Structures are given as C-alpha cells and as structure tokens.
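J.: My structure is below; once you've seen it, I'll send some questions.
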Amino acid sequence: MNNAGLGKRDKGELDVIAIDGKALRRSHDKAANLGPLFLVSAWAVQRGISLGQLATEEKSNEITAIPELLDQIEIADSVVTIDAAGCQKNIAAKIIDSKSNYVLALKGNRGTLHDAAIEYIVGHMENDFRDVPARGYTERLKGHGRKDELVYYQLPVPDDLIGREKWKGMKTIGVVIRMSENGNKFTTGVRYHISSLALGVKRFAECVRGHWGIENTLHWCLDVPFREDAAIPGEGMVSVMTESARVFRTLSTLASPDEGGFCLSIACLDDLSLNAFGFCGPQDRQ
C-alpha cells in the first residue's frame, strides 16, 4: 500500500508506523482446543489510519507475521516501531533494506544484548553521562486524572557493545523512565530500546510515545466502539472476515468526502476486493 497523500505531517518529518499485535479475546474455541486469534496491525501514527493487518493463530507467530505485513505496506522514509516481540535481527534488517528506520523495544528476550545495553546505560547514568555524548529530554503529561513524567536518554551504540554487528543499521540505544501519579498511587517503569536513528532525543521520544498510541487509538477503537473483543466467534478465519466486513462498512460511513475518505489496506484478505466488503469510495457516497 502506498501511503502518499494520506493525512498530514510537518515538512521533513518521517512517518512513524507502529506495529503491534492484539488478541481477539473471545475468538478461542475450548471445544476444539484452539487458542485466540491474534491480529498484527500497522498503524500510521501521524495520519491516524490502519495501513494493514494480518491474522495469526498464536502470539508466537507474530515474529513471522511482522515481516509478511512489512512486505504488504510501503515503509520507505518512515520509522517503524515494534514492541519486544518484534525485536528480531531479521526484522531490523528488513526494515533497513526497505530504506526505513526502526525503534525496537528491548527486553529480556534478547538476553545478552538486553543485559549489555542496561549495563552500559546505567553505568554512564551514575556519573550523569559525563563520558559519552548522551542526549536527555523530559516531558510531563496530564490526562484522565493521571500525571506522567517521562525522562528519555539516548546514546550512540558503543563499538564494543556485545552483538552490535548482528543488528543491521543500529546506531543508538535509549531508555525511557516513566513516573506516574494517579490519585494516591505512584508507579514507575523503565524501558530500553535500540534504534537505527542517529542522535536526536526528541525524535526518539516522539517515536516511543507514538508507538503507545496504537493502544490508545486503534486497539481502543476496535475494543470499545466496534466491540471486537465481545464479538461471538465463527470458525477460524471466517470470523475474522465477518468482523472485518462489519468494521470496514462502519468506517466507510464515517469517512469524510472532503478529506477524500479512508484508504484502507486489507492485508490479510488479498483475494477479496473492497466491494466484497461493501466498501465504497467517496465518489460513490451520496
């Protein structure tokens, strides 16, 4: 899918494409010993639209679904953000080969690299990053009765970082420290990332925060207005097709002709046309 002409972005700004998986909670079938279906979606953060989606029967299959989804959308000149499940060497290489950049969440599933990144960042944090060209940025957010303080640090990848040569295009590593206050409850969280972006901590912050938006926008929209998790499942992919048809018809009625309507990619249903879902372009809508 070509993303040109959709939505708006500032001059010189790269699109952020967030990729994330979501379970359809009531799609499991205990009688057939089948777990829930998982949908892997690509979300254009600035433009606010879904670029594509693939279904998989196991969460572990996200690793194979993500490269397939990347093949079906245009990601050149963008920044692709993925959570820890998609922090894989082949996925990073694929993104770079597609003339794009990545920001990948780093957790314990990456073992040695995860431990080495923590050791390096925390070690330099103890002397306030005096010995490395680190960049820092702090922002404060309010909403829904909660106050958040987010502290970002971004550093160049050291030459001797264990496993560096296996990650194509990796230039920087970063950490996000989140401190939240909700009434009398205080929570903290720390997340690490690897990236092909050059130093630019505000851009790093935008990408990380933008990735969280797929939960607050796309997933929330599917869960609440469209009641995706409450849908009674059919059999396997048929239930996904039926639910997709309902969602796309609803979206088509909400599209604004003045804005050219929605441009949607049905990545997991290549053999079916938009007409099969009752989807019409703005020129057909009276």
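The values are calculated or read from the model by the stated rules, or taken from the named source; none is laboratory data. If you're wondering where the values come from, they're calculated on a predicted model, not measured in any experiment. Ideal geometry is used to build each Cβ from the backbone, glycine not excepted, and the neighbour counts take in all protein chains shown.
J.: Could you go through region 164-178 and let me know if any residue there is among the charged types (D, E, K, R), surrounded by fewer than 20 Cβ atoms within 10 Å (Cβ to Cβ) and over 24 Å from ALA92 (Cα atoms). Give the steps one after another, and end with the answer.
T.: So the first thing to find is which residues in region 164-178 are among the charged types (D, E, K, R), and the list is 164-166, 168, 171, 178.
This time we only want the ones that are surrounded by fewer than 20 Cβ atoms within 10 Å (Cβ to Cβ), so: 164-166, 168, 171, 178.
Adding the requirement that they be over 24 Å from ALA92 (Cα atoms) leaves 178.
Yes, the conditions are met somewhere in region 164-178.
J.: Identify all residues within region 127-153 that are within 17 Å of PHE186 (Cα to Cα), loosely packed, with under 12 Cβ neighbours inside 10 Å and over 23 Å from the mean Cα position of the chain (by Cα); write none if there are none.
T.: GLY145
J.: May I pose another question? Output the residues belonging to region 115-126 that are surrounded by fewer than 11 Cβ atoms within 10 Å (Cβ to Cβ) and touching a residue at least 40 places away in the same chain (Cβ under 8 Å).
T.: At the first step, the residues of region 115-126 found to be surrounded by fewer than 11 Cβ atoms within 10 Å (Cβ to Cβ) are 126.
Hits for region 115-126: nothing passes.
J.: I need the full set of residues from region 109-126 which are of a type outside the set (D, E, K, R) and either closer than 19 Å to VAL208 by Cβ or more than 26 Å from the chain's Cα centre (by Cα) (or both), in order please.
T.: First, pick out the residues of region 109-126 that are of a type outside the set (D, E, K, R): 109, 111-114, 116-118, 120-125.
The answer is ASN109, LEU113, HIS114, ALA117, ILE118, TYR120, ILE121, VAL122, GLY123, HIS124, MET125.
J.: While we're looking at this one, here's another question. For residues that are more than 11 Å from VAL176 (Cβ to Cβ) and either at pLDDT 95 or above or charged (D, E, K, R) (or both), tally how many sit in region 202-219.
T.: Residues of region 202-219 that are more than 11 Å from VAL176 (Cβ to Cβ), as a first pass: 202-203, 206, 210, 213-219.
Filter once more, keeping what is either at pLDDT 95 or above or charged (D, E, K, R) (or both): 202-203, 206, 215.
Number satisfying all stated conditions: 4.
J.: Determine whether region 213-221 contains at least one residue that is assigned to a strand (DSSP E or B), within 25 Å of ALA18 (Cβ to Cβ) and without any contact (Cβ under 8 Å) to a residue 40 or more places away in the chain. Spell out the reasoning first.
T.: We begin by selecting, within region 213-221, every residue assigned to a strand (DSSP E or B); these are none.
Checked against the condition, which is being assigned to a strand (DSSP E or B), within 25 Å of ALA18 (Cβ to Cβ) and without any contact (Cβ under 8 Å) to a residue 40 or more places away in the chain, region 213-221 yields no hits at all.
J.: Follow-up. If a residue has to be surrounded by 13 or more Cβ atoms within 10 Å (Cβ to Cβ) and within 20 Å of LEU199 (Cα to Cα) to count, how many in region 95-113 make the cut? If you could, list the steps in order and put the result at the bottom.
T.: Of region 95-113, the ones surrounded by 13 or more Cβ atoms within 10 Å (Cβ to Cβ) are 95-96, 98, 100-107, 110, 113.
Cutting the leftovers down to within 20 Å of LEU199 (Cα to Cα) gives us 95-96, 100-106, 113.
So the count comes out to 10.
J.: While we're here: Only one of GLU74, GLU68 is part of a loop (DSSP other than H, G, I, E, B) and among the charged types (D, E, K, R); which? Spell out the reasoning first.
T.: Numbers: GLU68 fails: part of a loop (DSSP other than H, G, I, E, B).
Just a single option satisfies the conditions, and that option is GLU74.
Yes or no, residue by residue, for (1) surrounded by fewer than 22 Cβ atoms within 10 Å (Cβ to Cβ); (2) within 22 Å of GLU206 (Cα to Cα); (3) modelled with pLDDT of 80 or more:
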{"residue": "ILE17", "(1), (2), (3)": "no, yes, yes"}
{"residue": "LEU39", "(1), (2), (3)": "no, no, yes"}
{"residue": "VAL45", "(1), (2), (3)": "no, yes, yes"}
{"residue": "GLU68", "(1), (2), (3)": "yes, no, yes"}
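J.: Right, here's the next one. Condition test on ARG203, is it within 30 Å of GLY48 (Cα to Cα), in a strand (DSSP E or B) and within 20 Å of the chain's Cα centre (by Cα)?
T.: Details: within 30 Å of GLY48 (Cα to Cα): yes; in a strand (DSSP E or B): no; within 20 Å of the chain's Cα centre (by Cα): yes.
Considered against the rule, which asks whether it is within 30 Å of GLY48 (Cα to Cα), in a strand (DSSP E or B) and within 20 Å of the chain's Cα centre (by Cα), ARG203 comes out as no.
J.: So, of the residues in region 76-91 that are more than 22 Å from PHE38 (Cα to Cα) and out of contact with any helix residue (DSSP H, G or I) (no Cβ under 7 Å at 6 or more places or on another chain), which turns out to be surrounded by the most Cβ atoms within 10 Å (Cβ to Cβ)?
T.: Among them, the one singled out is SER78.
J.: Identify all residues within region 99-150 that are modelled with pLDDT of 95 or more, among the aliphatic types (A, V, I, L, M) and under 18 Å from LYS202 (Cβ atoms); write none if there are none.
T.: Passing the criteria: VAL103, ALA134, LEU150.
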